[in-house]
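Only one structure is covered here, and it is reproduced in the block below.
The values are calculated or read from the model by the stated rules, or taken from the named source; none is laboratory data. All figures in this text were calculated on a predicted structure; none of them were measured in a lab. Every residue, glycine among them, receives a Cβ derived from its backbone with ideal geometry; neighbour counts consider all protein chains shown.
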Amino acid sequence: MQRGFSLIEVTVTLGIVVFALVSLMALIPIGMKTNFDSLEESQAVNLVGAVITDRRLSPAKEKSTRFNLPELASLSAQAKGTLWLKEDTSPLPSATDARYRLEYIFYPPASQGQPILAFLRVQWPANAPAPTNYYETVATFTP
């Protein structure tokens, strides 16, 4: 009666361990890409939040302070625009160094006392001809 493992048992065990490790190593790039995509989307959500907050904190009779969004008090027709933004949410004059592109449409109230609706869409990368990554939301504002 011999004790220990045979060479075949050790080889099969090593083969199983190597297969498991290679499979796990293949998941690392997928996890890293998912993490990066999640980080980008979180930044886009924060950016939209900053734009909405800027418009809400600015007086209705003036353009918004930080992002220069249209005034709300005299809004009688759709107001559309595009903002080019850095990763830190600071606005840029052009798309040259922008990471995000924010498109907005403000819809005037349907009748007196109704809220103003705003459609906001953030896309990244900003310079892509047809960005595949985007975040959209609708916000309401009281004039």
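Each row is one residue, and each column tells you yes or no for (1) more than 27 Å from F141 (Cα to Cα); (2) surrounded by fewer than 10 Cβ atoms within 10 Å (Cβ to Cβ).
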{"position": "F19", "(1), (2)": "yes, no"}
{"position": "D37", "(1), (2)": "yes, no"}
{"position": "T53", "(1), (2)": "no, no"}
{"position": "A79", "(1), (2)": "no, no"}
{"position": "I105", "(1), (2)": "no, no"}
{"position": "P129", "(1), (2)": "yes, yes"}
Filter the range 61-77 down to the residues that are crowded, with 16+ Cβ neighbours inside 10 Å and hydrophobic (A, V, I, L, M, F, W, C), then identify the one that is nearest to S111 (Cα to Cα). L75
Does D88 meet the test of being over 19 Å from T140 (Cα atoms), touching a residue at least 40 places away in the same chain (Cβ under 8 Å), loosely packed, with under 13 Cβ neighbours inside 10 Å and not hydroxyl-bearing (S, T, Y)? no
Failed item in (1) of a type outside the set (G, A, S); (2) more than 30 Å from Q112 (Cβ to Cβ); (3) free of Cβ contacts under 8 Å to residues at least 40 places away in the same chain, with T65 passing the rest: (2)
With the checklist (1) surrounded by fewer than 10 Cβ atoms within 10 Å (Cβ to Cβ); (2) within 30 Å of R101 (Cβ to Cβ) in hand, flag the one item A44 doesn't pass. (1)
Can L75 be described as closer than 21 Å to F119 by Cα and in contact with a Pro (Cβ under 6 Å, 6 or more places away or on another chain)? yes
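Residue by residue, here is whether (1) modelled with pLDDT of 90 or more; (2) under 19 Å from the mean Cα position of the chain (by Cα); (3) under 23 Å from P131 (Cβ atoms) holds:
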site: T34; (1), (2), (3): no, yes, yes
site: S42; (1), (2), (3): yes, yes, yes
site: R56; (1), (2), (3): yes, no, no
site: E71; (1), (2), (3): yes, no, no
site: Y104; (1), (2), (3): yes, yes, yes
site: G113; (1), (2), (3): no, no, no
